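The values are calculated or read from the model by the stated rules, or taken from the named source; none is laboratory data. Computed from a predicted structure; not experimentally measured. Every residue, glycine among them, receives a Cβ derived from its backbone with ideal geometry; neighbour counts consider all protein chains shown.
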Amino acid sequence: MVTATDATAEPSVSAWAPLRTAVYRSLWLALLAANIGTWMQTVGAQWLLVHQANASTLVALVQTASLLPMLLLALPAGALADTFDRRHLLISVQLFLVAVAAALTLLTAAGRMPPALLLTLTFAFGVGQALTLPAWAALIPELVPREQLRAASALGSISVNVARAVGPATAGVLIAKVGVAPVFGLNALAYLVFAMALIRWRPGDARAVEVPERFTAALRAGGRYVRHSPTVRRLLRRALVFVIPASALWALLPLVASRRLGLDSSGYGLLLAALGVGAILGGLLLPWIRTRVTANRFLLVAGALYGGALIVVASVQVVPVVLIALLPAGLAWVTVLANVNAEIQLFLPGWVRARGLAVYQVVQGGGQAAGALLWGLVADVSGLVVAFGVAAALMLVGAVTSQIWPLPDLRGASRDPAAYRPPLALALQPDPRVGPVLVTVTYRIRPEREAEFFEAMEHVRGSRQRTGAMRWGLFRAGETPDQYTEVYLVPSWDEHLRQHGGRLTEADEQAEYRARDLSDGAPEVRHLLPATAEWTTGVDRQAT
């Protein structure tokens with residue numbers, strides 16, 4: 001795997017460049033409104049529960065009800081987004097969210113909103129958001145040029161942090177003046193705006209899907225791709241190495257505010273605002289930073305900044321100093337995660353992009369959840385200072401590992417789908433559901449080409465497994481030493497047709513051509529199917 005260790009800094013792309021694209025601009029602004037509405041709804045829901053019995057537990061359950069669907073449904077949501085038209089899926093989900101928000105508004109205005117119903121509707125809203133995130137993230141590469149993806153990812157982070165700053169403050173003012181129901185109503189309106197922006201968008205070359213993949217098959221295919229892609233796994237590890245120690249700050253900051261700095265809720269809000277300002281600055285500065293610092297040196301510097309901020313927060317009890325330290329922490333948080341998110345978007349081919357991004361969301365969200373629990377337990381046992389100190393040490397160690405296990409260099413990597421292959425003339429055409437399918441490819445390799453052939457077949461193996469193979473092996477015939485047979489097992493005939501009719505990228509095709517060029521004569525390909533399969537005569541679809 002090629003890495004970016006020695007790569008030069010990239011050409012400058014303005015942080016605002018994606019907003020010059022009218023479609024992206026309108027959708028980004030509509031999503032910003034929806035994000036603000038979501039934060040307003042969260043505050044409104046919590047406020048409805050503050051005077052209930054067991055208020056502490058109920059208020060905390062609002063966050064649980066909102067976030068739990070993202071962990072439970074991210075992978076299924078990614079499969080849906082890769083299986084069906086993403087625009088239509090997003091429109092349907094936004095209209096569902098409008099209906100949920102409208103129900104919250106009307107029932108709250110009527111005084112018929114018990115805690116159980118409020119939490120149920122909050123969970124339903126979280127389901128809608130879980131279905132939205134993978135589809136929206138996978139749609140971004142279709143809206144902006146490839147060179148603007150990192151800027152678009154940073155703008156997404158800016159949107160979230162602006163909403164985090166504006167939404168709660170706006171909700172607090174409105175609740176004090178007009179009550180909670182209008183806050184829920186504004187959230188319904190915000191999601192209606194997002195739905196209308198999606199309806200108005202008419203993509204010129206909408207992605208065509210001949211026959212949607214079956215849901216369970218699509219889910220398994222996404223898992224196989226991530227499992228057999230070293231590049232994706234390395235990017236996920238880099239995110240996890242950063243998120244786990246970084247989550248200490250988000251999890252323990254309320255305790256820092258109350259116990260170490262003696263601040264009330266407004267003071268805690270000020271600390272969050274400092275993190276938010278740093279995050280917004282990070283999003284704006286990311287394109288500028290990438291023109292001056294290589295990707296892996298950038299990870300090292302960002303980790304050092306965040307680790308230093310953790311040390312300051314743990315050791316200093318002067319509010320202005322802590323506020324200043326939180327600015328680079330927010331900057332590092334956004335720039336690292338936006339960068340890794342953009343790298344994954346750049347690498348994933350279109351057919352599996354939403355599923356791969358869903359795995360990233362699970363890793364990031366799960367890392368934050370597990371890290372928060374870990375640092376809470378450490379703080380309970382050893383105190384806040386020790387917890388922050390350990391987190392800072394892990395952050396600095398993780399930053400150093402970026403030089404040992406660097407980010408892959410994706411410049412020039414072709415992720416476009418390979419051209420469709422000519423139909424294969426089979427005497428009998430199986431039903432698409434038939435499986436498993438055993439494919440054999442026999443090569444004749446001269447002794448002087450063996451080392452080069454083995455190297456080429458390693459790339460072929462990865463390609464087969466990422467695109468559908470459950471098992472793969474390379475065997476040598478004892479009777480004819482120059483004969484090698486590649487054997488791989490695919491779950492169904494439909495999976496095999498998809499494997500060679502949309503899942504292969506140009507890079508996959510190049511790897512296969514390299515192995516074929518080393519063979520004396522064209523390799524012999526055979527497709528072995530269950531003897532009891534359903535058959536039809538003639539040629540139907542294409543495969544190799």
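Remarks
- Test result for Leu373, among the hydrophobic types (A, V, I, L, M, F, W, C) and more than 30 Å from Asp508 (Cα to Cα): yes
- When segment 511-533 is filtered for residues that are surrounded by 14 or more Cβ atoms within 10 Å (Cβ to Cβ) and among the polar types (S, T, N, Q), only Ser519 remains.
- Among the residues making up segment 341-384, those that are among the small types (Gly, Ala, Ser) and within 25 Å of Pro254 (Cβ to Cβ) are Gly365, Gly366, Gly367, Ala369, Ala370, Gly371, Ala372, Gly376, Ala379, Ser382, Gly383.
- Taken over segment 430-441, the residue count meeting the criterion of being surrounded by fewer than 18 Cβ atoms within 10 Å (Cβ to Cβ) and not in a loop (DSSP other than H, G, I, E, B) is 2.
- The number of residues in segment 493-535 being within 36 Å of the chain's Cα centre (by Cα) and either more than 13 Å from Pro432 (Cβ to Cβ) or of a type in the set (S, T, N, Q) (or both) comes to 18.
- Test: residue in segment 136-152 that is of a type outside the set (A, V, I, L, M, F, W, C) and outside any helix (DSSP H, G or I): yes
- Among residues of segment 255-269, those that are surrounded by fewer than 17 Cβ atoms within 10 Å (Cβ to Cβ), at pLDDT 75 or above and either small (Gly, Ala, Ser) or under 20 Å from Ala169 (Cβ atoms) (or both), counted: 2
- Scanning segment 305-348 for residues that are surrounded by fewer than 23 Cβ atoms within 10 Å (Cβ to Cβ) and not in a helix (DSSP H, G or I) gives Val316, Gln317, Val318.
- Unique residue being modelled with pLDDT under 85 and either of a type in the set (Asp, Glu) or within 28 Å of Leu284 (Cα to Cα) (or both) when the list is Gly350, Gly356: Gly350
- Strands (runs of 3 or more DSSP E) wholly inside segment 445-544 containing at least 1 residues that are modelled with pLDDT under 90 and either closer than 29 Å to Thr231 by Cα or in contact with a Leu (Cβ under 8 Å, 6 or more places away or on another chain) (or both): 524-528, 535-537
- Being assigned to a helix (DSSP H, G or I), surrounded by 22 or more Cβ atoms within 10 Å (Cβ to Cβ) and not assigned by TED's automatic domain parsing to the domain that holds Ala171 is a property that Val232 has.
- Taking segment 278-296 as the range and being touching a residue at least 60 places away in the same chain (Cβ under 8 Å), under 16 Å from Leu331 (Cα atoms) and out of contact with any Pro (no Cβ under 8 Å at 6 or more places or on another chain) as the test, the residues that pass are Ala279, Ile280, Gly282, Gly283, Leu284, Leu285, Leu286, Pro287, Trp288, Arg290, Val293.
- Per the listing Leu107, Leu97, the residue uniquely modelled with pLDDT of 85 or more, of a type outside the set (Gly, Ala, Ser), assigned by TED's automatic domain parsing to the domain that holds Ala197 and over 24 Å from the mean Cα position of the chain (by Cα) is Leu107.
- Test: residue in segment 416-435 that is at pLDDT 85 or above and either in contact with an Asp or Glu (Cβ under 9 Å, 6 or more places away or on another chain) or not assigned by TED's automatic domain parsing to the domain that holds Val336 (or both): no
- Pairs, first outside any helix (DSSP H, G or I) in segment 158-181, second of a type outside the set (A, V, I, L, M), C-beta under 7 Å, six or more apart: Val180/Gly44; Val180/Trp47; Val180/Thr108
- Checking each residue in segment 256-304 for being assigned to a helix (DSSP H, G or I) and among the polar types (S, T, N, Q) picks out Ser258, Ser265, Ser266, Asn296.
- Sub-9 Å Cβ pairs linking a first residue in segment 250-265 that is free of Cβ contacts under 8 Å to residues at least 12 places away in the same chain to a second residue that is among the acidic types (Asp, Glu), at least 6 apart or interchain, are Ser258/Asp264, ordered by first then second residue.
- Residue list for segment 184-204, restricted to those being modelled with pLDDT under 90 and either within 15 Å of Ala45 (Cβ to Cβ) or over 24 Å from the mean Cα position of the chain (by Cα) (or both): Arg200, Arg202, Gly204
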